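Note sheet for the following structure.
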Amino acid sequence: MANPRFEVAAGAVNGINTVFTIDPYTAGTTALFVNGQLLRADFDDKWFETNPALGIVTLKEAPN
């Protein structure tokens with residue numbers, strides 16, 4: 001099992017932007033934290049993996 005990587009997603013946190021970029025990742029292996037709360041794509045938890053090869057994730061609602 002690989003060690004987890006923690007990184008801060010790039011993208012404006014302005015209450016409007018929903019698209020964020022991280023390092024490229026393998027689909028189904030990413031966990032996302034918003035305001036300290038764990039969101040998991042497999043729980044349909046307000047986000048989805050848009051393009052793992054480019055490292056793009058999309059939130060269903062923009063964070064403030």
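State all residues of the stretch 30-48 that are open to solvent by 50 Å² or more (accessible area, probe 1.4 Å), within 20 Å of Arg5 (Cβ to Cβ) and not polar (S, T, N, Q); if no residue qualifies, say none.
Ala31, Phe33, Gly36, Leu38, Arg40, Asp42, Phe48
Just to be sure, is Phe33 in contact with a Gly (Cβ under 7 Å, 6 or more places away or on another chain) and part of a strand (DSSP E or B)?
Criteria not met by Phe33.
I'm trying to understand the selection: among the residues of the stretch 9-24, which are open to solvent by 60 Å² or more (accessible area, probe 1.4 Å), closer than 15 Å to Glu61 by Cα and either in contact (Cβ under 8 Å) with a residue 60 or more places away in the chain or part of a loop (DSSP other than H, G, I, E, B) (or both)?
Val13, Asn14, Ile16
So which of Ala27, Ala62, Ala53 is open to solvent by less than 40 Å² (accessible area, probe 1.4 Å), of a type outside the set (S, T, N, Q) and either closer than 19 Å to Ala2 by Cα or in a loop (DSSP other than H, G, I, E, B) (or both)?
Ala62
Given the structure, is Ala2 part of a loop (DSSP other than H, G, I, E, B), at pLDDT below 90 and of a type in the set (A, V, I, L, M)?
Taking the combined requirement at face value, the residue satisfies it.
What do you reckon, is Phe6 of a type outside the set (D, E, K, R), loosely packed, with under 10 Cβ neighbours inside 10 Å and out of contact with any Cys (no Cβ under 6 Å at 6 or more places or on another chain)?
Taking the combined requirement at face value, the residue satisfies it.
The values are calculated or read from the model by the stated rules, or taken from the named source; none is laboratory data. In this text, all values refer to a predicted model and were calculated from it rather than measured experimentally. Using ideal geometry, Cβ is built from the backbone for each residue, glycine included, and neighbour counts are taken over all protein chains shown. Surface areas here come from the heavy atoms of the whole protein model, side chains and all, with no ligands, DNA or RNA. Shrake-Rupley method; radii C 1.70, N 1.55, O 1.52, S 1.80 Å.
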